[in-house]
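In what follows, a single structure is set out as structure tokens and then discussed.
Please treat every number below as a calculation from the coordinates, not as lab data. Quick caveat, the model's predicted, so the values are computed rather than measured. So basically every Cβ, Gly included, is an ideal-geometry build from the backbone, and we count neighbours across all protein chains shown.
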Amino acid sequence: MDYIRKQVQQRIEFLQSMGEKSALKIHYQARFEYILVYLVGYLWNKNIDKLDYEDKEYVFQNIIKPTIGSIVSICRKLDIDKEIFKSGKLNQAFEKYPSVRNELLGHGFVYEDAPEKVLTALQELYDSISYSNLPILIENVDLIFVTSFDSNIYKGISYKSDGTNYSPWSCPKNIHEFKTNSLYGSYGLNQYFRLSPFVEMSAFGREIYFFNSIDEKLTGNVKYNRLLETGILYKEWEEFCELDITNDGIKIKSHNGTIRNVYENNYKKYIDIGIKRRLKDFLLKNKSSVCATVWGHGGVGKTATIQSLCEDLANDERKFFDYIVFLSAKDRKYDYYTGNIEEISDKIATLPELIKGINKVLFNNDDDDDPSAIVDIKGKKLLLVIDDFETFPKEEKDKIDLFISELNTNNHKVIITTRAANINIGQEFQTNELTENETTRFLLEVIKNEELGNEITIKQQLETTEKSHMVFEITSGRPLFIFQFAFILGQKGFADAINYKIKEGDTAISFLFGRIYEYLSPKAKDLFVVLSLLDDLSNVIEKAQYILNLEHEPDIFNSAVNELVKLKL
């Protein structure tokens with residue numbers, strides 16, 4: 001018996017002496033269901049990486065929001081060595097419990113009828129555990145919460161199997177390796193097994209929780225039910241963010257069956273800029289257009305939004321796309337840690353490279369640049385993301401545009417991101433700089449997510465209109481610069497941070513505007529040159545239209561003007 005089960009047993013013995021049969025039913029139920037979750041924790045940590053593809057897919061799909069029946073099934077899948085289910089009586093007890101629970105208890109912890117029948121049935125099921133030869137069930141098991149690791153020594157708290165006492169604990173690394181902030185079971189000498197993230201304790205053993213469901217898969221946020229008291233706990237576990245069935249270094253299959261290529265997200269934790277919901281609606285509800293163009297200035301969060309949306313779709317309970325392929329033509333990036341521009345070599349630059357990248361994910365063939373199999377894909381749905389579309393040469397843009405036009409909205413969806421105002425394939429979604437209030441909110445989120453500290457003090461400082469306006473002026477409301485400002489703020493403090501003119505630095509200007517002229521349409525380029533040469537700005541529009549000889553072609557001229565206005569040039 002372990003520390004937690006002993007506490008439950010002590011409570012049961014007290015209630016028996018008091019004749020509290022209604023409360024006993026709840027505690028009998030909690031005792032048995034704790035054992036189920038305890039076994040999930042043991043088996044998961046021991047065998048999850050040993051499962052074959054089909055069993056792992058089943059376990060990942062059912063662990064998100066498990067029922068009692070699916071918990072038993074998960075245990076059965078994970079018990080690859082038949083440690084638990086080789087015992088006939090134990091096997092029967094676990095198999096029988098879901099039906100007993102539904103027939104005699106209902107789905108909650110509040111019951112009214114047939115108390116003696118319920119108690120007898122639950123006690124008989126629990127007694128079956130004594131027929132097990134599994135040490136983790138029949139031995140005295142101390143629970144170890146590992147708090148730290150230093151000088152090759154792990155330290156923590158040992159909660160004794162008597163259900164009452166606890167003491168300091170330490171163990172050298174050469175005996176066993178542990179994960180800090182995790183709960184382990186220990187029996188005999190040097191015998192340890194991990195129970196986290198399925199069983200949790202806090203407040204020196206006074207608060208005990210066991211797994212209920214994964215509340216948010218993208219953050220690994222787990223919902224726990226409290227044992228012996230009423231209560232709920234939420235805790236994030238990074239390992240639950242990584243429930244991928246297969247990952248061969250090229251593509252990943254997630255728990256809902258979606259296959260996507262491997263790429264690095266350009267964010268640590270996504271902060272919404274306001275368009276993700278509209279893009280998701282386009283992908284899932286729009287039946288008339290294959291492609292959407294996400295346009296916006298550099299550093300406003302286009303790429304992060306699309307990558308976050310891809311993560312949402314790949315990790316939803318339902319499968320919306322069979323394949324998600326994210327490919328980028330981006331050839332440089334702005335490092336907000338250092339303020340430097342870094343070159344990117346791993347990129348695509350032509351239509352054949354784009355097709356090869358798709359075929360690599362769909363058909364395991366990275367030498368095939370024939371798009372016919374992609375165009376004619378049957379019974380499958382593909383989401384293709386092309387990042388930084390403006391970076392392609394003009395002739396390649398035209399070829400990719402033609403390729404997109406051949407795709408079928410029933411099988412394909414395409415999203416392209418661009419900072420070029422003259423590119424608009426399909427439905428356009430525009431991203432803008434954040435407002436002053438949004439900038440403040442975004443900055444505080446960055447400070448929290450990046451654990452930069454002083455969040456309360458900074459929040460108080462930003463409550464003054466003057467200081468929040470300073471931050472907005474320094475960053476222009478661009479998430480890229482807000483990140484950079486946050487790291488300067490963490491190092492220098494507010495008083496010094498506001499003296500760094502981030503957006504006015506040479507590298508920032510080069511990254512945002514250095515290639516703007518290259519991305520303009522021919523007529524917009526001509527207009528840009530003419531406007532830059534005019535000294536007298538009175539009636540400037542009429543003068544430019546006359547110089548360009550477009551007085552009789554107002555639509556062409558107005559399109560060029562709108563392009564420059566859109567880019568704020």
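Name the residue farthest towards the positive end of the dipole of the chain from the options Phe321, Val385, Gly298, assuming +1 on Cβ of Lys and Arg, -1 on Cβ of Asp and Glu, about the Cα centre.
It is Phe321.
Scan the chain and hand back the longest stretch that contains none of the chymotrypsin sites (Phe, Trp or Tyr not before Pro) lying in DSSP loops with at most 12 other Cβ atoms within 10 Å.
338-569
Give the relative contact order (percent, whole number) for segment 358-505; include only Cα pairs under 8 Å separated by 6+ residues.
Relative contact order, segment 358-505: 18 percent.
Rank these for me by crowding, Asp506, Asp312, going from fewest to most other beta carbons within 10 Å.
Ranking Asp506, Asp312 by Cβ neighbours within 10 Å, fewest first, gives Asp506, Asp312.
How large is the dipole of segment 3-137 about the Cα centre if only Lys and Arg carry +1 and Asp and Glu carry -1, each at its Cβ, rounded to the nearest 20 debye?
240 debye
Between [x] 30.1, 100; [y] 36.8, 137; [z] 24.0, 79, which entry matches Rg and Dmax of the Cα atoms in Å as derived from the coordinates of this structure?
Read-out taken from this structure: [x].
Name the shape class, rounded, prolate or oblate, that the alpha-carbon gyration tensor gives for segment 244-430, where a ≥ b ≥ c are the square roots of its eigenvalues, rounded holds for a/c under 1.5, and otherwise prolate holds if a/b is larger than b/c and oblate otherwise.
rounded
Out of segment 125-174, which trypsin sites (Lys or Arg not before Pro) are coil in DSSP terms and have no more than 13 other C-beta atoms within 10 Å?
Hits after loop and neighbour filter: Lys173.
Would you work out which of Ile416, Val446, Met470 lies farthest towards the positive end of the dipole of segment 394-479, given +1 charges on the beta-carbon of Lys and Arg and -1 on that of Asp and Glu, about the Cα centre?
Value: Ile416.
Loop-only check: which trypsin sites (Lys or Arg not before Pro) in segment 308-407 are DSSP coil with at most 14 other Cβ within 10 angstrom?
Arg318, Lys378, Lys380
Taking amide H positions as placed 1.01 Å from N in the peptide plane, with prolines and chain starts having none, which residues 5 or more places from Leu227, or on another chain, fall under 5 Å of its amide H?
The list, which skips near neighbours in sequence, is Ile208, Tyr209, Phe210.
Could you line up Arg194, Arg478, Arg76 from fewest to most neighbouring Cβ atoms inside 10 Å?
Listing Arg194, Arg478, Arg76 from fewest to most nearby Cβ atoms yields Arg76, Arg194, Arg478.
May I ask you to list the lysines whose Cα is less than 19 Å away from that of Lys523, ignoring any residue fewer than eight positions away on the same chain?
List returned: Lys394, Lys397, Lys543, Lys566, Lys568.
Find, among the GluC sites (Glu not before Pro) in segment 15-84, those assigned to loop by DSSP (not H, G, I, E, B) with at most 16 other beta-carbon atoms within 10 angstrom.
Glu20
Using the crude model of +1 on Lys and Arg Cβ and -1 on Asp and Glu Cβ, and no other charge, please compute the dipole size for segment 142-240 relative to its Cα centre, in debye to 20.
That gives segment 142-240 a dipole magnitude of about 140 debye.
With each run of n ≥ 4 DSSP H residues scored as -39500 (n - 2.57), what mean residue ellipticity at 222 nm is computed for the chain after dividing by its residue count and rounding to the nearest 500 deg cm²/dmol?
Value at 222 nm, helices only, nearest 500: -13000 deg cm²/dmol.
Apply the Karplus curve 6.51 cos²θ - 1.76 cosθ + 1.60, θ = phi - 60°, to the phi angles in segment 338-349 and return the couplings in whole Hz, x for Gly and Pro.
10, x, 9, 9, 10, 6, 10, 9, 7, 8, 10, 9
Rounded, prolate or oblate: which fits segment 142-240 when a ≥ b ≥ c are the square roots of the eigenvalues of the alpha-carbon gyration tensor, with rounded for a/c under 1.5 and prolate only if a/b beats b/c?
Oblate shape, in that a/c is at least 1.5 and b/c is the bigger or equal ratio.
List, in order, the whole-Hz ³J(HN,Hα) value for each residue of segment 455-464 obtained from phi through the Karplus relation with A = 6.51, B = -1.76, C = 1.60 and θ = phi - 60°; use x for Gly and Pro.
4, 5, 4, 5, 4, 5, 5, 6, 6, 7
Which percent, nearest 5, of DSSP beta bridges in the chain are antiparallel?
Around 70 percent of the beta bridges assigned by DSSP in the chain are antiparallel ones.
Enumerate the amide H contacts of Phe326 below 5 Å, restricted to partners 5 or more residues apart or on another chain; note that Pro and chain-start residues carry no placed amide H.
Asn261, Val385
Given Cβ point charges of +1 (Lys, Arg) and -1 (Asp, Glu) and nothing else, what value in debye, to the nearest 20, does the dipole of the chain about its Cα centre take?
Here the size comes out at about 1520 debye.
Taking H placed 1.01 Å from N in the peptide plane, check which residues at least 5 places from Asn432 or on another chain put their amide H under 5 Å from its amide H.
none
Using +1 at the Cβ of each Lys and Arg and -1 at the Cβ of each Asp and Glu in the chain, identify which of Ala524, Ser161, Ile271 lies farthest towards the dipole's positive end.
It is Ser161.
Whole-Hz Karplus ³J(HN,Hα) for segment 194-210, in order, using 6.51 cos²θ - 1.76 cosθ + 1.60 and θ = phi - 60°, x for Gly and Pro?
Residue by residue, segment 194-210 yields 8, 10, 5, x, 9, 10, 9, 9, 8, 6, 6, x, 7, 10, 10, 9, 9 Hz.
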